[in-house]
Amino acid sequence: MAPIPQSPVRTLLCLIGLLISEAWAQGQPPKGVSKKAYENFLQAVRLAQMRQPERALLLLEEVVRVEPTYEDAWVLKGKLHLQLEQFPQAKEVGQHLRTLRGRSAQGYAWGLYFVGKAYMAEMAFDSAQKVWGEFIHAAIGQLPGRYQEEGARLFSQAQSAARLVKTPVPFRPTNLGPQVNTPDEEYLPSLTADGQRLFFTSRRPRRERNNPLEPSSDEDLYWTEKDAQSGAWKSAQPVGPPINSPRNEGAAFFSSDGQWAFLTLCDRPDGLGSCDLYFSELKGLSWSEPRNLGPTVNSPAWESHPSLTHDRRRLYFASGRPGGLGGSDLWYTDFVNGAWQPPVNVGPPVNTPGDEYSPMIAADGRTLYFASDWHPGMGGMDLFVTYLTDTGWTVPRNLGYPLNTPGDEQTLCIEAKGEIGYIALVRPEGLGKHDLYAFPLWPEIRPKETATYVKGRVEDAQTQAPLSAWIKIVDIRSRDTLRLLRSNAATGEFLVSLPLGRRYAFFAEAPGYLFYSGHFDLAERDTAYQLTIGLERIRKGGRLLLRNIFFDFDKADLRPESEVELEEVVRLLRENPQWRVEVQGHTDSVGTAAYNLTLSQRRAEAVRQFLIARGIDVKRIVARGYGATRPLADNRTEAGRALNRRTEIVFIGAE
């Protein structure tokens, strides 16, 4: 699974380099090894270096058949079995090395290493603890220090894994099926806020292979969406050019509305390191050419696994750059004044001396899922969750067994509601290698705050032509703009998440049009909204309905939260200084007609005075109350009466 510089692969390549150096230094077969066996061994080393482990193993089988005491061949054979996750064969090699006639102390240490790895994969954790305890001492002076460190870590992991297995979690994954998964690899899922569209990486056979040295498979990005009627996933389609190319594309993250893509692209002409982060935007129906995020974010090292907060203000990613705590750490960069800022290390307790990958920030912006090979787990790369508090990140929590296994679990995404997760797994019932699965989250690992969404389309009210409009969502209480994005220019569609537990003002704005005002009260409700918004051009008689103007009962004093929407009115009038407007106040039918007329006039005047205080010419604004004389809905229901209590801005003429 790429692009992750996985520890087993790095370790294998280091070992291969060591074997090559030793073989070249010798210049001739080791004592007691035939020239033919030695030549086959060197060819196996070359094949392994070219990432063709299966072919290398075929040669090594012949080598050890002819030369059964050739220790280097057995060691390379064990490493290749581990790379291919052939653990029973790796254990056989390890057991053979431990009893090999004339074996060296180094060979004995390698034997323990292979057996310990196999025990971990078999979940024989008591046996694994014994082997790793012996390995830690046997490796001293025989293997590089990193193997001693790995042995100590796996000794600790065997202990934690035994505890996790005794307290299993209710993990019930469902394969997404053949419309999404193939006999090849699918992983690194990324989900839109409504849970209806899923992006992912897939490694599939190349259709054309001009160079036999080229990899036989290709990494590309795909997407699928749910059928509106059945809810089943449709047949996955390639994202297509210019994102997909003859090169590998992977480890991507798509924004919660599906309009932005952050990509990991490796070995590109404009790259700064081995793998860099790139950005592409869906403009209409086509993706823009991926653009390198530049030297502020990318380094000469390795950057990958981007994850964007739903407010688009912070991008988390994994990097092997200097200045971290381990091999690969989690970092973040903030988007301030139109530019990404220098990255900041997430720090402890999230990052460790080991490797952390695959950050996935939930819709609340405070719940972070990630993969680590260092935190107490099952022995490989496990998935964890941590929560951002006022004092920093909490100690990461292992997501538990059997979600985590002795293998590597490292790609996860969570829907905005925090109820369903998507994960890449290798399982016996799968369709191929890594498949994508959905599973319900249990309470202990859900985000602390969940979200719903608003989706819809913005169009011209007269022609129904789609409009590219700014979508802005403001927390009424704090007055913070939580979401700011554009509807798609070709379709007018938009999608945005909303954290629960708050009240929001919603605005859709386009040049030359009256803005649309909406109000969403999610303080005690969990509701998804779907809207078709028709924006009216600014014209005489144009009417702007304000849905976020608030007065106390029977009062005409504007409540502070009304300022969110009134500032939008101020902006509109400043941008269109030729227009005069009438502020209209309306009430429901509760109370006498005379009383309602007076109350509505006082409320309209309060709005007028606010606008004047913000610098709008007094001559441009008149205020008039209409009481209950112009209802929008039936006054016999509470819902109708709520609609009738309103403030409107009517454009009455231009100078």
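The values are calculated or read from the model by the stated rules, or taken from the named source; none is laboratory data. As the structure is a prediction and not an experimental result, all values here were calculated from the model. Note that we place each Cβ from the backbone using ideal geometry, even for glycine, and neighbour counts take in every protein chain shown.
Somewhere in segment 380-387, is a residue farther than 22 Å from R153 by Cβ and not β-branched (V, I, T)? Checking segment 380-387: at least one residue is farther than 22 Å from R153 by Cβ and not β-branched (V, I, T).
Taken together, the residues in segment 114-132 that are out of contact with any Phe, Trp or Tyr (no Cβ under 8 Å at 6 or more places or on another chain) and either surrounded by fewer than 21 Cβ atoms within 10 Å (Cβ to Cβ) or not in a helix (DSSP H, G or I) (or both) amount to 4. The number of residues in segment 380-402 that are crowded, with 24+ Cβ neighbours inside 10 Å and of a type in the set (A, V, I, L, M) comes to 3. Within segment 563-594, the set of residues being in contact with a helix residue (DSSP H, G or I) (Cβ under 8 Å, 6 or more places away or on another chain), without any contact (Cβ under 8 Å) to a residue 60 or more places away in the chain and part of a helix (DSSP H, G or I) comprises L566, V570, L573.
For segment 601-655, the set of residues classified as touching a Phe, Trp or Tyr at 6+ places or on another chain (Cβ under 9 Å), of a type in the set (A, V, I, L, M, F, W, C) and part of a helix (DSSP H, G or I) consists of A604, A606, listed by residue number.
Out of curiosity, is V496 of a type in the set (A, V, I, L, M, F, W, C), surrounded by 13 or more Cβ atoms within 10 Å (Cβ to Cβ) and closer than 19 Å to D194 by Cβ? Yes; evaluated as a whole, the condition is true for this residue. Within segment 42-97, the residues that satisfy the criterion of being in a loop (DSSP other than H, G, I, E, B) and surrounded by 20 or more Cβ atoms within 10 Å (Cβ to Cβ) are E67, Y70.
When F317, F253 are checked against the criterion of being buried (at least 19 other Cβ atoms within 10 Å of the Cβ), modelled with pLDDT of 95 or more and closer than 30 Å to Q49 by Cβ, a single residue qualifies: F317.
Applying the condition of being surrounded by fewer than 16 Cβ atoms within 10 Å (Cβ to Cβ), within 27 Å of the chain's Cα centre (by Cα) and not basic (K, R) to segment 499-527 and asking which residue is modelled with the highest pLDDT yields G501. So, R603, is that one more than 20 Å from Y516 (Cα to Cα), of a type in the set (D, E, K, R), buried (at least 19 other Cβ atoms within 10 Å of the Cβ) and in contact (Cβ under 8 Å) with a residue 40 or more places away in the chain or not? Here the answer is yes, as R603 does meet what is asked. For segment 630-637, the condition holds for at least one residue, the condition being that it is within 21 Å of H519 (Cβ to Cβ) and of a type in the set (D, E, K, R).
Conditions (1) part of a loop (DSSP other than H, G, I, E, B); (2) farther than 17 Å from Y422 by Cα; (3) not acidic (D, E), marked per residue:
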site	(1), (2), (3)
E356	no, yes, no
A363	yes, no, yes
F370	no, no, yes
H375	yes, yes, yes
G379	yes, yes, yes
T386	no, yes, yes
N404	yes, no, yes
D408	yes, no, no
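Beta carbons closer than 6 Å, at least 6 apart along the sequence or on distinct chains, pair a first residue in segment 622-636 that is assigned by TED's automatic domain parsing to the domain that holds T598 and more than 23 Å from F651 (Cα to Cα) with a second that is of a type in the set (S, T, N, Q) and assigned to a loop (DSSP other than H, G, I, E, B) for N635/S589. Summed over segment 457-498, the residues that are over 25 Å from V336 (Cα atoms) and over 24 Å from the mean Cα position of the chain (by Cα) give a count of 14. Just one of the numbered conditions (1) under 19 Å from the mean Cα position of the chain (by Cα); (2) of a type in the set (D, E); (3) within 21 Å of R314 (Cβ to Cβ) is not true of D390: (1).
Residues checked against (1) within 17 Å of G195 (Cβ to Cβ); (2) out of contact with any helix residue (DSSP H, G or I) (no Cβ under 9 Å at 6 or more places or on another chain); (3) among the charged types (D, E, K, R):
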| position | (1), (2), (3) |
| --- | --- |
| G407 | no, no, no |
| P428 | no, yes, no |
| F439 | yes, yes, no |
| I445 | no, yes, no |
| K455 | yes, yes, yes |
| A465 | no, yes, no |
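Residue-wise test of (1) assigned to a loop (DSSP other than H, G, I, E, B); (2) under 22 Å from the mean Cα position of the chain (by Cα); (3) of a type outside the set (K, R).
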{"position": "L112", "(1), (2), (3)": "no, no, yes"}
{"position": "E134", "(1), (2), (3)": "no, no, yes"}
{"position": "Q157", "(1), (2), (3)": "no, no, yes"}
{"position": "A162", "(1), (2), (3)": "no, no, yes"}
{"position": "P170", "(1), (2), (3)": "yes, no, yes"}
{"position": "Y187", "(1), (2), (3)": "no, yes, yes"}
{"position": "L198", "(1), (2), (3)": "no, yes, yes"}
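Each residue in segment 632-655 was checked for being in contact with a helix residue (DSSP H, G or I) (Cβ under 7 Å, 6 or more places away or on another chain) and not acidic (D, E), and 5 pass. Residue-level check: of (1) at pLDDT below 95; (2) within 21 Å of G653 (Cα to Cα), D617 misses just (1). Per the conditions (1) farther than 18 Å from A556 by Cα; (2) of a type outside the set (S, T, N, Q); (3) crowded, with 17+ Cβ neighbours inside 10 Å, the sole criterion not satisfied by Y626 is (1).
Filter segment 228-250 down to the residues that are modelled with pLDDT under 95 and charged (D, E, K, R), then identify the one that is surrounded by the most Cβ atoms within 10 Å (Cβ to Cβ). Across segment 228-250, the extreme among qualifying residues is E249. Of the strands (runs of 3 or more DSSP E) entirely within segment 435-523, those holding at least 3 residues that are more than 24 Å from E415 (Cα to Cα), not assigned by TED's automatic domain parsing to the domain that holds T309 and not hydrophobic (A, V, I, L, M, F, W, C) occupy 516-521. Could you check how many residues of segment 136-154 are in a helix (DSSP H, G or I), in contact with a helix residue (DSSP H, G or I) (Cβ under 7 Å, 6 or more places away or on another chain) and surrounded by fewer than 16 Cβ atoms within 10 Å (Cβ to Cβ)? Counting residues in segment 136-154 that are in a helix (DSSP H, G or I), in contact with a helix residue (DSSP H, G or I) (Cβ under 7 Å, 6 or more places away or on another chain) and surrounded by fewer than 16 Cβ atoms within 10 Å (Cβ to Cβ) gives 1.
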